[in-house]
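What follows is a single structure, written as structure tokens, with notes after it.
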Amino acid sequence: MAWVPVCSVGQTTPDEGYKIESEPPIAVFHVDGEFYAIDDTCSHGLSSLSGGYVDGCEVECVWHMARFDLRTGRAMCLPATKDVQTYPVKVDGDTIYLEVSDSIAATISEVKR
Ligand code: FES
């Protein structure tokens, strides 16, 4: 496991997702001053959750409206039945770091400032 810089705070927008082009892609969310990171790909299909609708600590998939808890990755309603992976987040100054496996870290090329 490794802590990897993925983006700056300034690249995120409150109540919207920011997609990290890793493999697998990861979505970072900024909600009420807290940051959360989950798999970007919906567990029901191939939709990108970073483009979803954020309501509190949940994101709603734009394709079929499954909702996921940003804190736990839990699938909150059908049609999703599988949770998504969450990733620990820390912020140092203006830089957002994710704790990811070495294999994911290898796919994150550089911090986009
Ligand atoms: S692809 Fe997300 S709910 Fe179907």
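The values are calculated or read from the model by the stated rules, or taken from the named source; none is laboratory data. Worth saying up front: this structure is predicted, and the values here are computed from it rather than measured. Cβ atoms come from the backbone with ideal geometry, glycine included; neighbour counts cover every protein chain shown. The protein model used for the area step is the full one, side chains on, heavy atoms only, and it has no ligands, DNA or RNA in it. Shrake-Rupley method; radii C 1.70, N 1.55, O 1.52, S 1.80 Å.
Table for the structure above
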read-out	value
Of all residues in segment 10-28 being within 16 Å of the ligand (Cβ to nearest atom) and without any contact (Cβ under 8 Å) to a residue 60 or more places away in the chain, the one that is most open to solvent (accessible area, probe 1.4 Å)	Lys19
Per-region count, segment 1-27, residues farther than 19 Å from Lys82 by Cα and in a strand (DSSP E or B)	12
